[in-house]
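One structure is given below, encoded as structure tokens.
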Amino acid sequence: MTSAENRWQAVIDELRSDLDRIEAGLADDGPIAELGRFRPPADLPPLPRSMVEAARDLSRRHDALIQVMAERRSKIDPSRRTPAPARGPSRFEVRA
Amino acid sequence: MYDQLRRQRSAFSNDDVSTASPRRVLVKCFDRLDADLARGVTAIEEDHFEEANSLLGHAQDLLGEMAGMVDTEAWQHAGSLLSVYDYVLRLVAAGSMLKEATPIIEARRLLGEIGDGFRTAAQELDASSVAEALADAPEAPAPAPAAPVDGDLVAQRRSFSALA
């Protein structure tokens, strides 16, 4: 694995476990976890080609979770919106 | 969400595209990609992640199709173009996964430059095709006889009056 692949694999693993945690909470009918705690490391290199499919899968899963959480929240408190992920400076290196 | 995506796909694959020349199809692909990415950035910035995922997913599908359209045998720069498509695809996938607008904005900038090049080339080719078609066209047939002018009508009425 290249250095870029290692760094992205760590990001993907961390995001996946974040989504697992939220999904488990939803399945147990527990309190709804907050999305957006996940913070990738700074200055990520471009996503390696070998990880594009994994990224797309996680993206779809993330969005499905947002939808489920929004539905759950609207049942509990119709006035609440799904919180936005925490934002900071861009975490990407962009190729010159 | 899926209805919206279906409508978008149907709009893209309508007759307008199916009857267009290949270079026009390519220009339409760039136009559509630009629109998807611009709306995807807005959706991320406004926290509309489901919409962002639809738009950016469509952009990735379209990029894959465009990469498949590149004829690596016919064009010496095809490999470079494929590299750019590949890099852009990875930017869009990363931005979509992390809900980050920066890589999407960069992808849009890169595709904008390439798209402008293809648009200019398509316009030049269209213009030269028209010029060639005009040069090759057979001579136009002689125009139909002109309709009688008012003076002729007056003369006809007089002759009819004379017969009556």
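Observations
- Remark on A:LEU44: its backbone amide H falls under 5 Å from those of A:PHE92, A:GLU93, a criterion applied only to residues 5 or more positions apart or on other chains, H modelled at 1.01 Å from N.
- In plain terms, the residue of B:PHE49, B:PHE30 with the fewest other Cβ atoms within 10 Å comes first and the most crowded comes last, giving B:PHE30, B:PHE49.
- By other beta-carbon atoms within 10 Å, ranking A:HIS62, B:HIS48, B:HIS58, B:HIS77 with the fewest at the front produces B:HIS77, B:HIS48, B:HIS58, A:HIS62.
- In order through the range A:8-25: 3J(HN,Hα) via Karplus (6.51 cos²θ - 1.76 cosθ + 1.60), integer Hz, x for Gly, Pro: 6, 4, 5, 5, 5, 4, 5, 5, 4, 5, 4, 5, 4, 4, 5, 4, 5, x
- For the range B:79-87, putting each phi into the Karplus relation 6.51 cos²θ - 1.76 cosθ + 1.60 with θ = phi - 60° gives couplings of x, 5, 5, 4, 5, 5, 4, 5, 5 Hz, in residue order, rounded to whole numbers and with x for Gly and Pro.
- Rough spin-label spacing in nm, given labels placed 7 Å along Cα→Cβ, for A:GLU53 and B:ARG109: 3.2
- Residue order, fewest to most beta carbons within 10 Å, for B:LEU98, B:LEU63: B:LEU63, B:LEU98
Rule-based calculations on the coordinates, nothing more; no lab input. Predicted model, so just to flag it, every value in this text is computed and none were measured. Note: ideal-geometry Cβ built from the backbone for every residue, glycine included; neighbour counts use all protein chains shown.
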